[in-house]
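Below is one structure, written out as structure tokens; comments come after it.
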Amino acid sequence: MARSVGEQFLHVAMSPLAMAGGSFRRGDVAQGLAELTAESLVGSVDRAIEAVAGAVGLPRGEVERVVPMAELRKKAARMAPIQAASVAQWERHMAHASSLLEAIAKLTADGRPPEAGLCLMRIATKMRLERDLAAPLRELAGLVDAWQETLIDLRTRLDAGKELERARLRRERTRLALIGAAIVGFLGIAAAGGWVARTREQLEDVLTRPNPCEVELLTEDQLRFANDLQREMARSRKSACAAMRESVRQREERERVERERREQEEATKRAKASACDELTKRLDGTGDRTLAAQTLALFDRDASLHERLLRGTLEAEDVTRDLSKLTCVGGKGDAAIASAYAKALAASVETWGPRALPSRSARDLAIRGKSALTHNAREELTRVIDKRALDAIMSGRLGVIEDAVQACEVVQALEAQPRVYCRAILKRYRP
């Protein structure tokens, strides 16, 4: 069966996405990303417009009235830096990840047709621990899906739009007019012929209206007098009507899903805000120092850290991990959490001090709460870290010494007075 105008357009315009999806399915991620350049995407749409113009016998400008090239170029331009970042991060990670391609190839075991956006999202999910790589891949997946949705919408508009249909009608009317002129010259116009002509004019009026679903207003008696072109148009308009209704249904479904997602996000935010208020009360000493299980569940992977904060102790992993995304940090409870963290950091210095270093976010959090530290807490902190400085000096290893220097800097940042060995290495390595 011959393809419709919209299908011809979509077949050509989607070629980079199809080739990228195929490359992803084969595990050739670098080649797949290379297919998604702005030049490739815009070029395929440009070729698709030429193909449609040739198929319907219209100048390119007539087709561009339906296909907004300026808007598509802007979308491609917004996608370009994300695609470039994805390529760069992929090349960087591939330089030292020999097993990565084998892991990516396993993503395609289900055998479904290749969809570039879906494949990118799976790769991003697989690489979620490599945040520098996963973040641009996930963003590029969303942009590719949006590009594909735009092309599909354009296919519907090309099939349902009146501009191209009227152009085809003009061509057919010209041909029929020449034939009719010869017949009229010999036979004249019969009364019955005039009635048929009026009926066909009515058909043409309905078939060229903007809403393709108005074809349903025509009766079978009217369609019996339609010419071949009008019968073809009627079938096309019925298909376009069905496609338009399906498109509307899908859009409404997407809007419903998005609305429910936003509502769920808002509900989760409110619940977490309430949990943070509860945690703040416990840390301030205005309630018992335990939290209900359902409250802890809202903190996800941070639940155990919050329990330890309430007890005033930390483990080494609580010091070295990234705390910038901690649920209640940065909100109303930031001051209470910072104070509790600084006290717990000092109280647990025997746990982390000899071998671990606070992460940048952990250090910043403790500094914000340093005013809560007592003199004895600072003294204990300096004692343990000074012992680490001595051990580092005795080892003579530069890496160990550098770690000790950073630990002594933490002591200074928390306004504790460094002892003799900390002062010595700070003077030597941080003059």
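Note down all Cβ pairs under 6 Å where the first residue falls in the stretch 318-332 and is without any contact (Cβ under 8 Å) to a residue 60 or more places away in the chain, the second is part of a loop (DSSP other than H, G, I, E, B), and they're at least six residues apart or on different chains. Hits for this filter: 319/356; 319/358; 320/356; 320/359; 322/359; 327/299. Cβ separations smaller than 6 Å between residues 6+ apart or across chains give the following pairs from the stretch 195-211 residues that are over 25 Å from residue 244 (Cβ atoms) to residues that are surrounded by 13 or more Cβ atoms within 10 Å (Cβ to Cβ) and aromatic (Phe, Trp, Tyr): 196/225; 199/225. The residue that is nearest to residue 90 (Cα to Cα), counting only those in the stretch 15-25 that are buried (at least 21 other Cβ atoms within 10 Å of the Cβ) and among the hydrophobic types (A, V, I, L, M, F, W, C), is 24. From the set of residues in the stretch 275-293 that are outside any loop (DSSP other than H, G, I, E, B) and free of Cβ contacts under 8 Å to residues at least 12 places away in the same chain, which is surrounded by the fewest Cβ atoms within 10 Å (Cβ to Cβ)? Among those that are outside any loop (DSSP other than H, G, I, E, B) and free of Cβ contacts under 8 Å to residues at least 12 places away in the same chain, it is 293. Reported count of residues in the stretch 330-339, each being at negative phi and either outside any helix (DSSP H, G or I) or more than 36 Å from the chain's Cα centre (by Cα) (or both), is 4.
Quick grid of which residues meet (1) surrounded by 14 or more Cβ atoms within 10 Å (Cβ to Cβ); (2) assigned by TED's automatic domain parsing to the domain that holds residue 122; (3) in contact (Cβ under 8 Å) with a residue 40 or more places away in the chain; (4) part of a helix (DSSP H, G or I):
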residue	(1), (2), (3), (4)
10	yes, yes, yes, yes
27	yes, yes, yes, no
33	yes, yes, yes, yes
42	yes, yes, no, yes
45	yes, yes, yes, yes
54	no, yes, no, yes
63	yes, yes, yes, yes
70	no, yes, no, yes
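The set of residues in the stretch 382-417 that are more than 46 Å from the chain's Cα centre (by Cα), over 16 Å from residue 358 (Cα atoms) and surrounded by fewer than 21 Cβ atoms within 10 Å (Cβ to Cβ) comprises 383, 387, 390, 391, 393, 394, 395, 396, 417.
Filtering the stretch 253-284 to residues that are of a type in the set (Gly, Ala, Ser) and either in the same structural domain as residue 324 (by TED's automatic domain parsing) or within 16 Å of residue 329 (Cα to Cα) (or both) leaves 271, 273, 274, 275. Taken together, 305, 296, 310, 314 contain a single residue that is assigned to a helix (DSSP H, G or I) and touching a residue at least 24 places away in the same chain (Cβ under 8 Å), which is 310.
Out of everything in the stretch 212-238 that is among the polar types (S, T, N, Q) and surrounded by 15 or more Cβ atoms within 10 Å (Cβ to Cβ), what residue ends up being modelled with the highest pLDDT? It comes out as 236. Being in the same structural domain as residue 411 (by TED's automatic domain parsing), in a loop (DSSP other than H, G, I, E, B) and over 27 Å from residue 405 (Cα atoms) is the requirement here; does residue 327 meet it? Spelling it out, residue 327 is indeed in the same structural domain as residue 411 (by TED's automatic domain parsing), in a loop (DSSP other than H, G, I, E, B) and over 27 Å from residue 405 (Cα atoms).
Being acidic (Asp, Glu), more than 17 Å from residue 419 (Cα to Cα) and outside the structural domain of residue 129 (by TED's automatic domain parsing), is that true of even one residue in the stretch 361-376? Looking for residues that are acidic (Asp, Glu), more than 17 Å from residue 419 (Cα to Cα) and outside the structural domain of residue 129 (by TED's automatic domain parsing), one finds at least one in the stretch 361-376, hence yes.
The values are calculated or read from the model by the stated rules, or taken from the named source; none is laboratory data. Given the structure is predicted, the values throughout are model-derived calculations rather than measurements. Ideal geometry is used to build each Cβ from the backbone, glycine not excepted, and the neighbour counts take in all protein chains shown.
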